[in-house]
Amino acid sequence: MQLTFIPYDLARGLHIISFTAWMAALLMLPRLMAYQTGAEPGGELDKKMRVAIASLRGIIMTPALLATWVFGLYLLVAYSGAMATSFWLATKLALVVLLTIMHGWLIANAKKIGRGARPHSERFWRRVNEIPFVIAIAVILLATTEPNLPI
Ligand code: HEM
């Protein structure tokens with residue numbers, strides 16, 4: 001079956017749009033969780049943050065995660081050829097799996113905070129905010145420079 005029904009550059013563009021939205025949501029969620037952690041459970045700000053987090057998750061974060069994987073795997077299956085076994089792609093995918101685990105962990109904690117728990121401090125969530133960005137820098141540089149092991 002001919003798999004290249006989406007032209008390469010269009011699939012690459014859709015992949016870039018998807019991961020940009022996903023990264024933006026991964027950077028926003030910990031910040032909203034920090035605000036909600038500082039708010040009185042059941043109070044005005046707590047309710048506002050609950051709505052903001054639910055919209056971020058449902059409208060952007062989870063659809064963007066799925067689209068990034070779908071277009072990434074499509075590029076891998078339809079156009080990757082020998083690249084599929086390359087060092088850079090294996091390392092990149094390991095980091096992306098880490099981002100995906102972090103996605104799930106953040107959502108699990110956002111649900112706890114939504115139920116009134118305060119599993120971590122405001123300062124903790126502000127610190128966590130930086131992690132997805134650092135990982136994304138490594139992923140993007142791996143994908144654009146495509147380094148290979150000097151063997
Ligand atoms: C979710 C699983 C992912 C898979 C399976 C995947 C797979 C791929 C593949 C096969 C390519 C094409 C490489 C080429 O043809 O040169 C690609 C390109 C790229 N990916 Fe991903 N990727 C994933 C997630 C991500 C994420 C999360 C980011 C950023 C944070 C990212 C950033 C990039 C960039 C910057 C390119 C290069 C685009 C270009 O050459 O213009 N990818 N990806």
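The values are calculated or read from the model by the stated rules, or taken from the named source; none is laboratory data. Note that the structure is predicted; figures quoted are calculated from it, not measured. When we count neighbours, we look across all protein chains shown, and the Cβ atoms used for this are built from the backbone with ideal geometry, even at glycine. Keep in mind that these areas ignore ligands, DNA and RNA; they rest on the heavy atoms of the full protein, side chains included. Shrake-Rupley method; radii C 1.70, N 1.55, O 1.52, S 1.80 Å.
Dividing the C-alpha radius of gyration of the chain by 2.2 N^0.38 Å, with N its residue count, gives 1.21. Distance between the pseudo-spin-label points of Val77 and Lys47 (7 Å out from Cα toward the beta carbon): 4.6 nm. Computed from the C-beta positions of Phe5 and Ile131 and an R0 of 25 Å, the FRET efficiency is 0.10 to the nearest 0.05. Sorting Tyr79, Tyr8, Tyr74 on solvent-accessible area from highest to lowest, probe radius 1.4 Å, gives Tyr8, Tyr79, Tyr74. At q = 0.13 Å⁻¹ the log10 of I(q)/I(0) for segment 88-151 amounts to -0.47, computed by Debye summation with a single uniform scatterer per C-alpha, solvent ignored. Put Leu99, Leu93, Leu66 in order of accessible area, highest first, and with a 1.4 Å probe you get Leu66, Leu93, Leu99.
What's the lysine pair count for the chain at a Cα cut-off below 16 Å, pairs eight or more apart or interchain? Write out the running numbers ahead of the final one.
On the way: Lys47/Lys111; Lys47/Lys112; Lys48/Lys111; Lys48/Lys112.
Lysine pairs meeting both conditions in the chain amount to 4.
Peptide packing for 42-49, 20-27, 109-116 was compared via the average number of neighbouring C-beta atoms within 10 Å per residue; ordered from the highest value, the list is 20-27, 109-116, 42-49.
Percent of accessible area on segment 8-144 owned by carbon and sulfur, 1.4 Å probe? Please report the intermediate quantities before stating the final value.
Working: 5220 of 7210 Å².
Roughly 72 percent, rounded to a whole number.
Each part gets one Cα centre, and for segment 73-146 versus segment 1-57 those centres are 12 Å apart.
Over the chain, what is the relative contact order in percent, taking alpha-carbon pairs closer than 8 angstrom and at least six residues apart?
Numbers: 128 pairs, mean separation 57.4, N = 151.
Once divided by the residue count of the chain, the mean separation gives 38 percent.
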